[in-house]
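The structure under discussion appears below in the form of structure tokens.
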Amino acid sequence: MNATNLFQPILANLDFEQGTIDNCEQMIVRRLSDLQGYFQDDEAAQAMLEDDPVLYRVYPMKSCGEETGLLVGTSVLEPGCVGNEYFMTKGHSHLLEEAPEVYFTLSGEGMILTETADGDTVAQKMEKGTIHYIPGKWAHRTINTGAVPLIFFAVWPANAGHNYGAIKNKGFATLVVKGEDGPELIKNLNYS
Ligand code: M6P
Ligand code: ZN
């Protein structure tokens, strides 16, 4: 078969220190203003909006266009808090519900929250070398509980899509907050 009729192999380089991918489709920057309503302490969030800090950046590797293939990217989640809640990603499930995903932590410290539609939560610690397999139908969010950026590598089906609506409306049933002795998992009283 002629190779010109096939999707072409793609090469990219990952910078392990920065978490960046050079052959990147289009970097996504999410600031606090992109996550309005996501944090419990709205007063604290409003006060920080003037500076509007970057919470995380996503570097999706250039795709070869294979619709039933895989997408690859890194996320760099900054350290910090809004009130007592750590910086976190929006969190999403997949439009193609059964689509799974894999996260591989490159550096930093954090948590991954995976949650069913009924609010059953599984929380796992993220640190250099941890691999997290997220089965289909589980919403997922990452939280930086450390003092340096949390950097992880992700692989997911190209046809998965992102479903943000449910999480935006009802949140996650569990929150990760800064306690006296470090991160604590608490019940989200506003979860509906
Ligand atoms: C990972 C992957 C991406 C996702 C990103 C940020 O890199 O899961 O698909 O976009 O994290 O998470 P979110 O889309 O929830 O902001
Ligand atoms: Zn996902």
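The values are calculated or read from the model by the stated rules, or taken from the named source; none is laboratory data. Because the structure is a prediction, the values reported are computed rather than measured. Methodologically, a virtual Cβ is constructed for each residue, glycine included, from the backbone with ideal geometry; neighbour enumeration extends over all protein chains shown. Please note that ligands, DNA and RNA were not included when accessible areas were found on the heavy atoms of the full protein model with its side chains. Shrake-Rupley method; radii C 1.70, N 1.55, O 1.52, S 1.80 Å.
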- Residues of the range 1-45 that turn out to be open to solvent by less than 90 Å² (accessible area, probe 1.4 Å), polar (S, T, N, Q) and not in a loop (DSSP other than H, G, I, E, B), as a count: 1
- Item | Within the range 159-187, tally of residues that are buried (at least 17 other Cβ atoms within 10 Å of the Cβ) and over 15 Å from GLY91 (Cα atoms) | 2
- Message: Just the residues that are β-branched (Val, Ile, Thr) and touching a residue at least 24 places away in the same chain (Cβ under 8 Å), please, taken from the range 65-118.
- Response: THR68, VAL72, THR74, VAL76, VAL82, THR89, VAL102, THR105, ILE112, THR114
- Limited to the range 95-122, what total is found for residues that are in contact with a Leu (Cβ under 7 Å, 6 or more places away or on another chain) and outside any strand (DSSP E or B)? 1
- Select, from ASP34, ASP22, ASP42, ASP52, the only residue that is away from ligand 2 (no atom under 16 Å from the Cβ), touching a helix residue (DSSP H, G or I) at 6+ places or on another chain (Cβ under 6 Å) and of a type in the set (Asp, Glu). ASP52
- Report yes if some residue within the range 149-165 is over 21 Å from LEU71 (Cβ atoms) and either touching a Leu at 6+ places or on another chain (Cβ under 9 Å) or not in a strand (DSSP E or B) (or both); otherwise report no. yes
- Restricting attention to the range 55-77, and to residues there that are in a strand (DSSP E or B) and open to solvent by 50 Å² or more (accessible area, probe 1.4 Å), which single residue is nearest to ligand 2 (Cβ to nearest atom)? LEU70
- Message: Looking only at the range 143-158, count every residue that is closer than 16 Å to LEU77 by Cβ and either surrounded by fewer than 21 Cβ atoms within 10 Å (Cβ to Cβ) or within 10 Å of ligand 2 (Cβ to nearest atom) (or both) and tell me the total.
- Response: 5
- From the set of residues in the range 78-94 that are outside any loop (DSSP other than H, G, I, E, B) and open to solvent by less than 30 Å² (accessible area, probe 1.4 Å), which is nearest to ligand 2 (Cβ to nearest atom)? HIS92
- Message: List pairs: first residue in the range 41-56 and closer than 17 Å to THR89 by Cα, second residue of a type outside the set (A, V, I, L, M, F, W, C) and at pLDDT below 95 anywhere in the structure, Cβ distance under 9 angstrom, at least six positions apart or on different chains.
- Response: none
- Message: Within the range 95-135, take every residue that is under 16 Å from LEU185 (Cβ atoms) and of a type in the set (A, V, I, L, M, F, W, C) and give me the one that is surrounded by the most Cβ atoms within 10 Å (Cβ to Cβ).
- Response: MET126
